[in-house]
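> Take this structure first; my questions come after.
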Amino acid sequence: MGTALSIRQDYTADDLRQLARKSRDADWSRRLLALSVIYEGGSRNQAASMGGVGLQIIRDWVERFNQHGPDGLKTGKAKGREPLLNDKQRKGLIEVVEKGPVPYLDGVVRWRLVDLVQWLWQEHRISVSRQTLGRELQALGYRKLTARPKHHAQDPQAIEDFKKASPPQWQKVAGAARGKRVEIWFQDEARIGQKNKITRRWARRGTRPSAPHDQRTRSAYIFGAICPKLGKAAALVMPWCDTHAMTQHLSEISRHIADDAHAILIMDQAGWHMSNTLIVPENITILPLPPKSPELNPVENLWQFMRDNWLSNRVFKSYDDIVDHCCDAWRKLESQPWRIMSLGHRG
């Protein structure tokens, strides 16, 4: 038979009732009022009736009250499942993901969940499923993202110098433009051809979806330029990349610049961009990017988006068909200035 359990004597029934009146937690108030019955000399059965529970629950409440006072009667949160990884293991996982695999040692050029599952087992003897590890990585802020293009021979210092020198050059141009405001534009070209790209698509797990893929070699070039701040865009679809085509594109960009503005056109140092015979309109000043630095040009984000959503997984019947699809894709983009702003400002 269980022994009688006495209640602590440093509180009174009035104390518990005052706490219950001030509380906005109905469950806590109910427990306080139930124990106040005991302080008034009532039986445990009467306390159980007041609390709407059984005698064993009243005993549990008394034990919690004796140990922690009124706070012991508050509703606690379940402890929940133990974390998959401790802080040290989580830090090690982050370092491995950030560092990336070494192809000749790890046998892969990018981490897959199955590779990280194997790493956890080898390093920490922790066995998890790919789905569980995927949720853990998402909780740490990681997502599977498309990598930006990066030239293997680029000079990081040249990129940093360009970032530092650009604002002074913009201010210098603004002064030379007789007080006109400055629009910042970016320009690039993309080749769209019959030998097209195949992108990922939704499919049932366990299947291998198919997509048309042509082997012919007809192609066209989109000369594209955007002003990310204003959501403006200007483009031409040309059959070749040369100085004449670039001159035509500069004229098209010039028509999209506001009358009271002067444009700084930032682009790479392709031969047809820097040619001495290139005709540059008066309302445009060209600012070349450092060599081998495609990630500094936000138009690269545009090409990726247009290919993934409008131009890939297609078979182009002819050169004219390529031109029609390129023009249609650019018109869609021009009709969505918010998308130009979003893609143009994406790092």
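The values are calculated or read from the model by the stated rules, or taken from the named source; none is laboratory data. Everything numeric here is computed off the predicted structure, so don't read it as measured data. Because the Cβ atoms are built from the backbone with ideal geometry, glycine has one as well, and the counts that use them run over all protein chains shown. Keep in mind that these areas ignore ligands, DNA and RNA; they rest on the heavy atoms of the full protein, side chains included. Shrake-Rupley method; radii C 1.70, N 1.55, O 1.52, S 1.80 Å.
> Does Asn301 meet the test of being in contact with a Lys or Arg (Cβ under 6 Å, 6 or more places away or on another chain), under 15 Å from Asp188 (Cβ atoms) and buried (at least 17 other Cβ atoms within 10 Å of the Cβ)?
So Asn301 passes the test.
> Collect the residues in region 232-247 that are open to solvent by less than 40 Å² (accessible area, probe 1.4 Å) and part of a strand (DSSP E or B), keeping them in residue-number order.
Pass one, region 232-247, residues open to solvent by less than 40 Å² (accessible area, probe 1.4 Å): 233-235, 237-238, 241, 243, 245-247.
Selection gives Ala233, Ala234, Ala235, Val237, Met238.
> Within region 44-95, restricting attention to residues that are closer than 24 Å to Lys22 by Cβ and part of a loop (DSSP other than H, G, I, E, B), which residue is least open to solvent (accessible area, probe 1.4 Å)?
Val53
> Condition test on Arg90, is it of a type in the set (Lys, Arg), within 30 Å of Thr146 (Cβ to Cβ) and at pLDDT 90 or above? Let's see the steps before the verdict.
Values: of a type in the set (Lys, Arg): yes; within 30 Å of Thr146 (Cβ to Cβ): yes; at pLDDT 90 or above: yes.
Yes, satisfied.
> Shifting gears a bit: If Met246 satisfies all but one of (1) within 28 Å of the chain's Cα centre (by Cα); (2) in contact (Cβ under 8 Å) with a residue 12 or more places away in the chain, what's the number of the condition it fails?
Only one criterion in (1) within 28 Å of the chain's Cα centre (by Cα); (2) in contact (Cβ under 8 Å) with a residue 12 or more places away in the chain is unmet by Met246, namely (1).
> Same structure, new question: Just one of the numbered conditions (1) assigned to a loop (DSSP other than H, G, I, E, B); (2) among the basic types (Lys, Arg); (3) farther than 23 Å from Ser166 by Cα is not true of Lys229; which one?
Exception for Lys229: condition (3).
> Something else: State which residue pairs qualify: first residue of a type in the set (Phe, Trp, Tyr) and inside region 304-330, second residue open to solvent by 40 Å² or more (accessible area, probe 1.4 Å) in any location, beta carbons under 7 Å apart, and separation of 6 or more residues or different chains.
Trp310/Lys332; Phe316/His325; Tyr319/Arg218
Yes/no per residue for (1) open to solvent by less than 50 Å² (accessible area, probe 1.4 Å); (2) free of Cβ contacts under 8 Å to residues at least 24 places away in the same chain; (3) not in a strand (DSSP E or B):
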position	(1), (2), (3)
Trp272	no, no, yes
Thr277	no, no, yes
Leu287	yes, no, no
Glu295	yes, no, yes
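> Give Arg31, Arg21, Arg8 a once-over and let me know the one that is loosely packed, with under 13 Cβ neighbours inside 10 Å and either within 51 Å of the chain's Cα centre (by Cα) or under 19 Å from Gly76 (Cβ atoms) (or both).
Numbers: Arg31 fails: loosely packed, with under 13 Cβ neighbours inside 10 Å; Arg8 fails: either within 51 Å of the chain's Cα centre (by Cα) or under 19 Å from Gly76 (Cβ atoms) (or both).
When all the criteria are applied, what remains is Arg21.
> Same structure, new question: Can you tell me which residue in region 304-347 is nearest to the chain's Cα centre (by Cα), limited to those that are closer than 20 Å to Lys163 by Cα and crowded, with 20+ Cβ neighbours inside 10 Å?
Leu343
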